[in-house]
Amino acid sequence: MGSTLPTSDLLPSASSPSLHLTHPTPLERTATWTLNSRNWGGALGLESYIERETYLMNVPLARDGGITHWILTSSSAPPSSRPILASCESLRKPALVRTPEGEIKELITHGIGSVFCDPQYRGRGYASRMLKELGKELKTWQVGEGKECLFSILYSDIGKKYYAGLGWAAFPSTHIAFPPSSSSSPKTGNIATPLTYPDLPSLCALDEKYIRDELANAKGGKVQVALLPNYDTMQWHHHREDFVTKKLFGHSPTVKGAIAGSPGSRVWAIWTRNFYGPLDSQSSHNTFHILRVVIEDKSASAAAANVGKLRSIIERAQDEAREWKLGHVEMWNPTPYAKGLIEKLGIEYKEVDREEESIASLMWYGAGNGGTDEIEWVANEKFGWC
Ligand SMILES: CC(C)(COP(=O)(O)OP(=O)(O)OC[C@H]1O[C@@H](n2cnc3c(N)ncnc32)[C@H](O)[C@@H]1OP(=O)(O)O)[C@@H](O)C(=O)NCCC(=O)NCCS
C-alpha cells in the first residue's frame, strides 16, 4: 500500500490533473496510521496506536461521520494499487460566529489533524496540494440543515509559515505553564472539589450558554468566532485520555476537572492528560492540559474570591499532574481577566508564546481578509484542539 510508485522519476507533479483528494479505504487508512505512528503514536506502540485511532472513530464528536479521513492520490489507479501521496483527517465541530453587525450564526467548523506525507514523497508539494484542495472542500463539506461552515482550523506543529502560506492564518497561541506539585502531601484549605463524568454535561451546557451570551453582548467591529466547548467535545478528549492511560497505567483517571464556589460565582476547569512519550522522560513533554476555564462572575468585586477559587483549582491540577507523571500543567490563551487572577495566585508559572507547536490556525471562508486584525477567536483554549 502506498508504494506503487517506487522511483522518484515516476512520481507525478504535485500540480498534475491526475491527482485528486479522496478518502482512503480502511486498508489505506491503516497504512497511513502505520506510517505516521512515529509522529503521533506518542507513548503507545504501533498496535495500540492503531487501536486508539480506530477506537476514536466511534466516540462522541467523531462518530456518525464526524471524522473524515482524506488522502491525495492518483485518480487513475484503483484503491488497491494507488500511492498515498499525502493524508490527513478532519473533525466536524459545532461553532459560533458573530458578524460585525451583531448577528450570531450557529454553524459547523472542521478541525484538520494528522497532516502527513510519506517520507519517500516529501518536498514535492503533495501535502500542499492536498491542503489547498481540502481548504476549498471543507467550506461545503457536511454543510446542511441550514448550517454553513465559515471557517476551518488546525493546530500546526511546524511553525507559523507553512499553513499561513496555504490560507490558515496563525492566531494567538500562548499558554501559562505551571509545574506539577512537588510533594504528595495535600494542601490544607483547598476549597475546590473534583469534577467527575456525571458533573460535566450540565456544566458544559451552561458554558455553551455563557459563550453564546458573550458573543451576543460583544461590541466592536471584529468578526468573532468560537468553537463550542460542548459535552461531546470534552468527551472526545476524555475518551482519548482514558484509552491511553488504560494502556499506560492499567487504569484511567476519574478526576476530569475541579470546581469552587456557589452557583453564579463558581470557577471551574475541565482538563485532560496527554502522553507523547515515555513516562520517565522530561523530553517527552507529557502534559496536563486544562481544556477550558470558566469564571461565572467576572465583576471586580468578585476578583479576590476568584483568586482563591482559581488557586485551589490549579493546586488540584498540579497534584493530578504529579500523580500521573506529567511534566507540567498548561492553560492555553487565558483571557486578560484570568491572567489578572493568575498573577495573584502566588504560584510559580511561566508565560509561553509558542512559535512552533500547536499554533492555532484558521482559514476564513467569509468576507474580509481572514486575519487576526479582522477576526477574534474567542475561547481559543485547548478544548478546540484535535
Ligand atoms: C509537514 C509535511 C506534511 C509536509 O509534506 P510535504 O509533502 O513534504 O510538503 P510540501 O512538499 O507540500 O511542502 C514542503 C514544505 O513544507 C514545509 N515543511 C515541511 N516540514 C516542515 C517542518 N518540520 N517545519 C517547517 N516547515 C516544514 C517546508 O516549508 C517545505 O518547504 P521547503 O521545500 O522549502 O523545505 C511532511 O513533512 C510530514 O509528514 N511531516 C511529518 C508530520 C508532520 O509534522 N506533520 C505536520 C503536523 S502539523
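The values are calculated or read from the model by the stated rules, or taken from the named source; none is laboratory data. All values reported here derive from a predicted model rather than from experimental measurement. Note: ideal-geometry Cβ built from the backbone for every residue, glycine included; neighbour counts use all protein chains shown.
So is Thr30 more than 16 Å from the ligand (Cβ to nearest atom) and assigned to a helix (DSSP H, G or I) or not? Walk me through it before giving the result.
Numbers: more than 16 Å from the ligand (Cβ to nearest atom): yes; assigned to a helix (DSSP H, G or I): yes.
Here the answer is yes, as Thr30 does meet what is asked.
Would you mind stating whether Leu362 is at pLDDT 95 or above, surrounded by 21 or more Cβ atoms within 10 Å (Cβ to Cβ), among the aliphatic types (A, V, I, L, M) and in contact with a His (Cβ under 7 Å, 6 or more places away or on another chain)?
Values: at pLDDT 95 or above: yes; surrounded by 21 or more Cβ atoms within 10 Å (Cβ to Cβ): yes; among the aliphatic types (A, V, I, L, M): yes; in contact with a His (Cβ under 7 Å, 6 or more places away or on another chain): no.
Against the criterion (at pLDDT 95 or above, surrounded by 21 or more Cβ atoms within 10 Å (Cβ to Cβ), among the aliphatic types (A, V, I, L, M) and in contact with a His (Cβ under 7 Å, 6 or more places away or on another chain)), Leu362 does not qualify.
Name every residue in segment 88-123 that is basic (Lys, Arg) and either out of contact with any Ser or Thr (no Cβ under 8 Å at 6 or more places or on another chain) or not assigned by TED's automatic domain parsing to the domain that holds Ser16 (or both), in order of residue number. Before you say what the answer is, go through the steps one by one.
From segment 88-123, those basic (Lys, Arg) are 92-93, 98, 105, 122; that's our starting set.
Result: Arg98, Arg122.
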Test: residue in segment 119-127 that is under 26 Å from Thr233 (Cβ atoms), in contact with a strand residue (DSSP E or B) (Cβ under 7 Å, 6 or more places away or on another chain) and either of a type outside the set (A, V, I, L, M) or in contact (Cβ under 8 Å) with a residue 60 or more places away in the chain (or both) = no
Candidates Tyr210, Tyr231, filtered to the one that is under 26 Å from Cys149 (Cβ atoms) and in contact with a Cys (Cβ under 6 Å, 6 or more places away or on another chain) | Tyr231
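Any residue that is in the same structural domain as Ile342 (by TED's automatic domain parsing), part of a strand (DSSP E or B) and among the small types (Gly, Ala, Ser) - is there at least one of those in segment 241-255? Before you say what the answer is, go through the steps one by one.
In the first step, residues of segment 241-255 are kept if they are in the same structural domain as Ile342 (by TED's automatic domain parsing); the result is 241-255.
Filter again for part of a strand (DSSP E or B), leaving none.
No, segment 241-255 has no match at all.
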Exclusive hit being assigned to a loop (DSSP other than H, G, I, E, B), in contact (Cβ under 8 Å) with a residue 12 or more places away in the chain and hydrophobic (A, V, I, L, M, F, W, C), set Ile290, Ile347 = Ile347
Some residue of segment 353-368 being without any contact (Cβ under 8 Å) to a residue 12 or more places away in the chain, within 26 Å of Ser262 (Cα to Cα), in a loop (DSSP other than H, G, I, E, B) and out of contact with any Ser or Thr (no Cβ under 8 Å at 6 or more places or on another chain) = no
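Take the conditions modelled with pLDDT of 95 or more, within 9 Å of the ligand (Cβ to nearest atom) and either part of a helix (DSSP H, G or I) or aromatic (Phe, Trp, Tyr) (or both) and apply them to Ala164. Does it pass?
Details: modelled with pLDDT of 95 or more: yes; within 9 Å of the ligand (Cβ to nearest atom): no; either part of a helix (DSSP H, G or I) or aromatic (Phe, Trp, Tyr) (or both): yes.
No; evaluated as a whole, the condition is false for this residue.
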Residues satisfying the stated conditions in segment 47-69, i.e. charged (D, E, K, R) and surrounded by fewer than 19 Cβ atoms within 10 Å (Cβ to Cβ) = Glu47, Glu51, Arg63, Asp64
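Report those strands (runs of 3 or more DSSP E) wholly inside segment 46-161 carrying at least 2 residues which are more than 16 Å from the ligand (Cβ to nearest atom) and not hydroxyl-bearing (Ser, Thr, Tyr). Please lay out each step first, then the result.
Values: elements: 67-74, 86-98, 104-116, 151-156.
Output list reads 86-98, 104-116.
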